[in-house]
Amino acid sequence: MRLIWQLLAVVAVWILGNLGTAAVKDNPWLALVAGLLTAVVAVLVYGWVVRRTEHRAPVEVSLKGAGAGISCGTLLGIALFGAVIANIAFLGDYTINGLGTPASAVGLLGIMAGAAVTEELVFRGVLFRNVEHWTGTWIALVLTGSLFGLIHLLNANATLWGAIAIAIEAGGMLTAAYIATRKLWVPIGLHFGWNIAASAIFSTKVSGSNTPQGLLDATMSGPAVVTGGDFGPEGSVYAVVFGVVATVVFMWLAHRRGHVVPVRRSARADVAARLAR
């Protein structure tokens, strides 16, 4: 039952947060506040429900190292998405026309903060952790990463390829970041950095969803395999490649640190217990 209670608690904050930011999205400063408030409340609720259902301290959201984890993850997310855009621009398919709308970028910071935190708490904090406890790391990574991609079929301009790309590049990369660190801060920062680069900086679509113009006034055109088409750059082959590379690096770190929970039940219990401390 702990999976159900944890999901109910965090998804409730996710839904209410989305409703709140949607209600004030036309005011960038209110959107910033609403998004940040959603993020803070979601972490507090997650910590509370884990304590109640698992009778342990939620070490994965411990404040120790939170600032460094979020900062490093954010910078990495911006750098990875920036590399995607750089490759698209090299082929002449992304063009900067000038300055965009800085005020809208402020609101997008809040919206993407709320989205990054709530989605990471749901998919990595609740779903992956619990499924890993039953199946081991690799099966849980594939299952929850695939689900993360499939849920993006609900977005505007969603495509099957877009969902597959998200499952590979984001579902794999973000889950691997959690496995390597056993904290949620790096994947939260990575998710946030990737999303604000896509929306607040480079003014592109985020997973098929139209977002207000960010810092740059830019246009994108070219073959969908390069640009991602209507789904946005996350459907680009470059995004998939960079996501896979990041996943491999994080999983290599996880293996070196002994963070990979084996499939065999007899070996799984000891490793899972050690990582939960």
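One table, with the values for the structure above:
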quantity	calculated
Kirkwood hydrodynamic radius (C-alpha pairs) into Stokes-Einstein, the chain, 25 °C and 0.890 mPa s, D in µm²/s	131
Segments 174-180, 236-242 sorted - mean Cβ within 10 Å per residue, highest first	174-180, 236-242
Accessible area expressed per residue, the chain, with surrounding protein chains retained (probe 1.4 Å, Å²)	45
R2, R256, R182, ranked by accessible area, largest first (probe 1.4 Å)	R256, R2, R182
Within the accessible area of the range 1-120 (1.4 Å probe), percent carbon and sulfur	74
Rg ratio (alpha-carbon, reference 2.2 N^0.38 Å) - the range 149-208	1.16
Extension gain (nm, one decimal) between A12 and L150, 0.36 nm per residue minus Cα-Cα	47.7 nm
Of the DSSP H helices in the chain, those whose Cα atoms cover at least 30 Å axially and whose Kyte score averages 1.0 or more	2-23, 28-54, 66-90
The range 142-198 versus the range 78-96: alpha-carbon centroid distance in Å	20
Whether the range 17-102 is rounded, prolate or oblate, judged on the alpha carbon gyration tensor where a/c under 1.5 counts as rounded	oblate
Prolate/oblate/rounded label for the range 174-266 (Cα gyration tensor, a/c 1.5)	prolate
20 Å Cα-Cα reach of K25 towards aspartates and glutamates, excluding residues that sit fewer than 8 places from it in its own chain	E119, D217
Dipole in debye (nearest 20) - the chain, about Cα centre, beta carbon charges: Lys, Arg +1; Asp, Glu -1	1380
Cα-based reach from K64 at 24 Å (exclusive), listing lysines while leaving out same-chain residues under 8 positions away	K183
Inter-label distance for T219 and V33, nm, one decimal - labels placed 7 Å from Cα along Cα-to-Cβ	3.9
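The values are calculated or read from the model by the stated rules, or taken from the named source; none is laboratory data. Since we're looking at a predicted model, the values are computed, not measured. Note that each Cβ is placed from the backbone with ideal geometry, even for glycine, and that neighbours are counted across all protein chains shown. Remember, those area values only see protein heavy atoms, side chains included, never the ligands or the DNA or RNA. Shrake-Rupley method; radii C 1.70, N 1.55, O 1.52, S 1.80 Å.
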